[in-house]
């Protein structure tokens with residue numbers, strides 16, 4: 001029995017020695033892990049809170065859009081951008097509000113919100129969609145060079161056909177039919193790689209435009 005007591009005392013002594021050497025580090029690790037867990041939970045709570053508040057404002061943008069109220073849509077989208085720019089609702093709100101501004105004839109404010117999307121959206125396709133819509137407003141105003149400049153960089157693959165189609169429209173309006181034809185053909189090539197009902201509809205439109213150039 002005394003042997004066991006000696007062995008236990010030796011083990012206890014070893015544990016004490018180990019703790020004296022490494023105890024502070026262990027305690028520090030435990031505290032850091034605990035704080036990290038609390039911090040992560042707090043961050044999740046904050047993110048959920050931000051998303052919830054942003055979604056409420058986005059709903060206000062949707063209501064304003066349904067009512068055709070450009071001012072209210074712009075103000076609600078502006079609040080999302082100012083207070084919740086890190087959420088997806090900021091991008092969606094800016095895009096939706098810009099559409100309302102265009103419908104109400106306010107291309108300048110529409111472009112301001114679309115420019116924010118181009119500069120801040122994380123998703124390349126969303127950025128390129130905003131760039132496409134900016135080009136549309138410039139085209140509508142007769143700024144062909146400005147529209148072409150917006151369409152110059154290759155877009156996300158999902159938007160390649162729409163970029164080619166719009167580029168063709170701009171070039172045709174600018175009196176550059178051969179370049180317009182090439183742009184339309186680029187659109188058709190992109191559509192060939194993305195079959196679908198919507199693609200079939202756009203393909204028919206683009207083919208009609210090409211025929212019009214030949215007449």
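The values are calculated or read from the model by the stated rules, or taken from the named source; none is laboratory data. For clarity, every value in this text was computed on a predicted model and none was experimentally measured. Counting neighbours? That spans all protein chains shown, and the Cβs are built from the backbone with ideal geometry, glycine included.
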Kindly indicate which of 96, 114 is closer than 17 Å to residue 71 by Cα and either under 11 Å from the mean Cα position of the chain (by Cα) or free of Cβ contacts under 8 Å to residues at least 24 places away in the same chain (or both). 114
Within the stretch 139-157, is even one residue on the phi > 0 side of the Ramachandran plot and at pLDDT 95 or above? yes
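Yes/no matrix, rows are residues, columns are (1) without any contact (Cβ under 8 Å) to a residue 60 or more places away in the chain; (2) touching a helix residue (DSSP H, G or I) at 6+ places or on another chain (Cβ under 8 Å); (3) closer than 24 Å to residue 126 by Cβ:
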{"residue": "162", "(1), (2), (3)": "yes, yes, yes"}
{"residue": "169", "(1), (2), (3)": "yes, yes, yes"}
{"residue": "172", "(1), (2), (3)": "yes, yes, no"}
{"residue": "177", "(1), (2), (3)": "yes, yes, no"}
{"residue": "187", "(1), (2), (3)": "yes, yes, yes"}
{"residue": "211", "(1), (2), (3)": "yes, no, no"}
Can you confirm whether residue 165 is loosely packed, with under 13 Cβ neighbours inside 10 Å and within 26 Å of the chain's Cα centre (by Cα)? no
Would you say residue 200 is exposed (fewer than 15 other Cβ atoms within 10 Å of the Cβ), in a helix (DSSP H, G or I) and out of contact with any helix residue (DSSP H, G or I) (no Cβ under 7 Å at 6 or more places or on another chain)? yes
Those residues of the stretch 56-96 which are closer than 23 Å to residue 125 by Cβ and outside any helix (DSSP H, G or I), in sequence order: 84, 85, 86, 87
Is it true that some residue in the stretch 149-159 is touching a helix residue (DSSP H, G or I) at 6+ places or on another chain (Cβ under 9 Å) and over 24 Å from residue 110 (Cα atoms)? yes
Do we have any residue at all in the stretch 99-108 that's assigned to a helix (DSSP H, G or I) and surrounded by fewer than 16 Cβ atoms within 10 Å (Cβ to Cβ)? yes
Selection from the stretch 52-98 of residues exposed (fewer than 15 other Cβ atoms within 10 Å of the Cβ) and over 24 Å from residue 131 (Cβ atoms) yields 52, 56, 59, 63, 66, 67, 68, 71, 83
Evaluation of residue 2 against (1) modelled with pLDDT of 55 or more; (2) out of contact with any helix residue (DSSP H, G or I) (no Cβ under 6 Å at 6 or more places or on another chain) (one fails), failing number: (1)
